[in-house]
1. Scan the range B:437-489 for residues that are farther than 28 Å from B:Val357 by Cβ and in a loop (DSSP other than H, G, I, E, B) and jot them down.
2. Based on this model, can you work out whether A:Leu167 counts as modelled with pLDDT of 90 or more and more than 21 Å from A:Ser315 (Cβ to Cβ)?
3. Name the single residue, out of those in the range A:300-314 being in a loop (DSSP other than H, G, I, E, B) and open to solvent by 10 Å² or more (accessible area, probe 1.4 Å), that is nearest to the other protein chains (Cβ to nearest Cβ).
4. Taking into account only those residues within the range A:409-461 that are surrounded by fewer than 20 Cβ atoms within 10 Å (Cβ to Cβ) and of a type in the set (Lys, Arg), which is nearest to the other protein chains (Cβ to nearest Cβ)?
5. Considering only the range A:323-339, I want to know if a residue exists there that is among the aromatic types (Phe, Trp, Tyr), over 28 Å from A:Ser226 (Cβ atoms) and assigned to a helix (DSSP H, G or I).
6. Which of the residues that make up the range A:377-408 are more than 7 Å from chain B (Cβ to nearest Cβ), under 19 Å from A:Phe289 (Cα atoms) and buried (at least 23 other Cβ atoms within 10 Å of the Cβ)?
7. Determine which member of the set B:Gly383, B:Gly362 is touching a residue at least 24 places away in the same chain (Cβ under 8 Å) and crowded, with 20+ Cβ neighbours inside 10 Å.
8. Take the residues in the range B:431-459 that are within 22 Å of the chain's Cα centre (by Cα) and crowded, with 19+ Cβ neighbours inside 10 Å; name whichever of them is nearest to B:Ser388 (Cα to Cα).
Amino acid sequence: MNDFFILMKPELMIVAIIFILLFLKLGKGLSNNSLLLVIQILLLWNFASGFLMNATGHLFNDMYQTNAMMSLQKNILNGGVLLIALIFTEWFQKCEHLSEFFVLMLSALLGMFFLISSGNLLMFYLSIELATIPVAALANFHLDKKVSSEAAMKMILSSAFSSGVLLFGISLMYGTTGTLNFAAIPALLDGSALQIMAFVFLFTAFAFKMSIVPFHLWTADVYEGSPIAVTSFLSVISKGAIAFVFISTLYKVFQPYHTIWYSMVMVLSIVTMITGNLFALRQQNIKRFLAFSSIAQVGFILVGISSNSIQGTTSVIYFILIYIFSNLAAFGVAGLISFFTGKERIDDYKGLYRTNPFLSWILALSLFSLAGIPPTAGFFGKLFLLTSGAATGSYLFIGIAAINMIISLYYYLRVVRAVFMDTNESPVEKITIHPMTRIAFIFCGAGIVLTGIMSWLYDSIKALVN
Amino acid sequence: MNLLILILVPIITALAVLMMRNNNLVRWTAFIGSGIQLLLSLGLYYAFNQARAHGETSQMLFEQKTELFKSWNISLHLGVDGISVAMILLTSFVVVAGVLMSWKVEKMTKEFFFLLILLSMGAYGFFISLDLFILFFFLEVAVIPKYLLIGIWGSGKKEYSANKLALMLMGGSALVLLGLLGLYLSAGKTFDLIQLSQIQIPVRTQMICYPLLFVGFGIFTALFPFHTWVPDGHSSAPTAGSMFLAGISMKLGGYGCLRVATYLMPEGAHEYANIVIVLSTIAIFYGAFATMMQTDLKYINAYSSVSHCGFVLLGIGMLTKVAITGAVMQMVSHGLMTALFFAVIGMIYERTHTRQVNEMGGLLKVMPFTITLLFIVGFCSLGLPGLSGFVAEMTIFMGAWEHPDTFHRVATVLACMSIVVTAVYILRAVGKTAMGPLKEEYNHLTDATWNEKLAAIVLMIGILAIGLAPGWLNQLVSPGAEVIMQKLK
């Protein structure tokens, strides 16, 4: 019983916060502003305690397992949610159903925690549903906007489809191996055609969730239609969680199929990078632009995943940590401008520097980090992904990835150019930034610069990876 | 001497610039910071010579090593030899002059100086790092400041030029990255330059990685046919931007070609030497003839930079000690000379608001100081004895002549002949600008201000010090070249 509380601490914390929010909602005593402050404090407490008392072990017949690396992964996601709660402060203050929003978001987060910790295919399926369905409800949170409902509809249909594929894969897997337990599966993999088909179905479900090309078509529409806080949750937290699970599933459970999934990952990575980049070149809406650029980023994560080594796992975790800072900052600036002025086109960003230097610098810093330009941490993140991919992979593959870095630089610079160089007769007016938002931005900026320079961070992540 | 200070001073200066409240303070902070850096570089030169005089024979001096990313075997490994000291001296001279020449920048002054200093930080870091990963880091640090400097403060079709420059240089970096990864993976998982130089890198790897690294760095230093960013980038950049681009940034490439590609991969260097020589001879000739057709002063200097940087690569491709020494001297000399050239063009443009040679004339009467400088840099560019250009180019030719075969001879003779073409375009441009009747509207023009004079004097000191007494530079550089040659044999 003691184990239960210690091992499941991260999940229990989230459950506790969800219950607190529900009680506060019942009481109806709090205004939005103070409720938000309570939420922010709770999330900060949750994030801080995530560093403490992390244990290793398993529960419920190996259904649930945890170790230091998983605790770290969960806490990275905790930090991301905290940043979202801070960055979009003003949007939340005006939000009609604030506590519901966070109840849904934290439920999804809870699902991701279980997903990371799952040790059994059934548990895996349940938690992936828990991580998806609340997000679809969140996507619909602009209750008065048609695009928002459309986004939610698209999301729920595509998730339902991918769940179906996943379940089919799971049942085939059970049929050929006779077990659902992750620990028992590797020994039972014999390479029969049916089993490989089961594996491909499982793989496809992951590809859906991570929006790997050709399973990416829902991404841009959902990102564009959802409220921007949800978009950033989807593109950063959700994607990060799936990447964590994807890598550990491939490395642990499907290690015997290494040669099979290596070529799958490589092909998908190349296609994903190229498609994401080429589509991002042509986007005018900043949300769609970031959506396609995040698809391209997934391609880079796949390069790291393809390496099948401890360095690969470490560099993916490291990259996602940096990616959270950079992408949240970019989405934060876009969301702030969209909230205050309704402007979402890249052309509207022309001359932004004259009116909003702080936001411009944060945006530039995050875009440089996404493009992988030093001295931002994105440089180190991307380089380590490529290096670990090159250590075991084909050289041509890394060459294609390097070419894609140049293409991506072109479109990131397009935004930088609009912000700093172009002139505009009616630029975005001066936006007064809420102190909480400013703190979050400064935190993101510091993260973008310091994560790379504090090189021991990488080594200490590596020490946790097993 | 602790080399880390060479990176820290620019960082502190850049941060201090951001803190300053008004433009005047910003300028003075940048000036003082770069001035301190100049003194430190001179101090480094002195300390280096002292150490050598006291019989310090190790290849790199003032070495220090701090582990950064242990799992990748990356460490902040710093150290200098004569070649790096020469490049650091060049950088600090050009930076001071560049800061002084930007005294009149009124648009976003703070950001301008911040980016200038950041760019110089990249160059200093590049020249002192002995770990290839860190070296690559600093190489890329310098790209974005260039992009913003051209794009925001530039003139003409600045967006196009800035984009072209950033993308081409990033393309170069991507090739360098692939080459470095190849070295890292096939040679014992280390990025350390010294360790890599001590192991025999497999010949197959060299055959793949040498072209990657040489072309990658070559793009930075206008290797034909990847020189196309040079004219656009230089002509669109603000004065200090052009000075930094031609004076410092292009030298990063030459240094990389020499230190990383040629030094680490001798078999590759021998294998591809002929191609390098052919390409650099084409660059020398093509650059010179292309300059003949230009009427814009900045384009003239930009294309002549292509030609002059061709000499650097030619010297490296010749693979003899004297030629490599000459290549390094050419880098220093061309850096100083071209920076001064761009400074003078900036002074003229600021007053006449044109860079077209045909629209000027007789300017010597109204701005004697500036135009005298123009004469001097012109003569330096065409290789007049007594100035730095002659010394450097002569050394390269001497080194090249050591090869007895026809191929090398022909290349050398062709390269020599380009000097005649250089004389044609330089004399024509300088003559048209300085001589002839003075136009009405230029009657009121004033001569250089104190900051411009000081900038010019700083650079002139460098040019004359090399031109009149080249011995010190030769002694500084040639032991470094000797080490490279030992590996090449």
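The values are calculated or read from the model by the stated rules, or taken from the named source; none is laboratory data. Please read these numbers as outputs of a predicted model, since none were measured by experiment. Note: ideal-geometry Cβ built from the backbone for every residue, glycine included; neighbour counts use all protein chains shown. Remember, those area values only see protein heavy atoms, side chains included, never the ligands or the DNA or RNA. Shrake-Rupley method; radii C 1.70, N 1.55, O 1.52, S 1.80 Å.
1. B:Ala469, B:Pro470, B:Lys489
2. Working: modelled with pLDDT of 90 or more: yes; more than 21 Å from A:Ser315 (Cβ to Cβ): yes.
When the stated conditions are applied, A:Leu167 passes them.
3. Step one: list which residues in the range A:300-314 are in a loop (DSSP other than H, G, I, E, B), which gives A:306-309.
In the following step, the residues that additionally are open to solvent by 10 Å² or more (accessible area, probe 1.4 Å) were identified as A:308-309.
Working: A:Asn308: 15, A:Ser309: 11 Å.
Only one residue tops the list, namely A:Ser309.
4. Only one residue fits best here, namely A:Arg414.
5. Of the residues in the range A:323-339, the ones among the aromatic types (Phe, Trp, Tyr) are A:323, A:325, A:331, A:339.
If we keep only those that are over 28 Å from A:Ser226 (Cβ atoms) too, we end up with none.
No, because not a single residue in the range A:323-339 is among the aromatic types (Phe, Trp, Tyr), over 28 Å from A:Ser226 (Cβ atoms) and assigned to a helix (DSSP H, G or I).
6. Of everything in the range A:377-408, those that are more than 7 Å from chain B (Cβ to nearest Cβ), under 19 Å from A:Phe289 (Cα atoms) and buried (at least 23 other Cβ atoms within 10 Å of the Cβ) turn out to be A:Gly378, A:Asn404, A:Ser408.
7. Details: B:Gly362 fails: crowded, with 20+ Cβ neighbours inside 10 Å.
Answer to the check: B:Gly383.
8. In this case the residue turns out to be B:Leu459.
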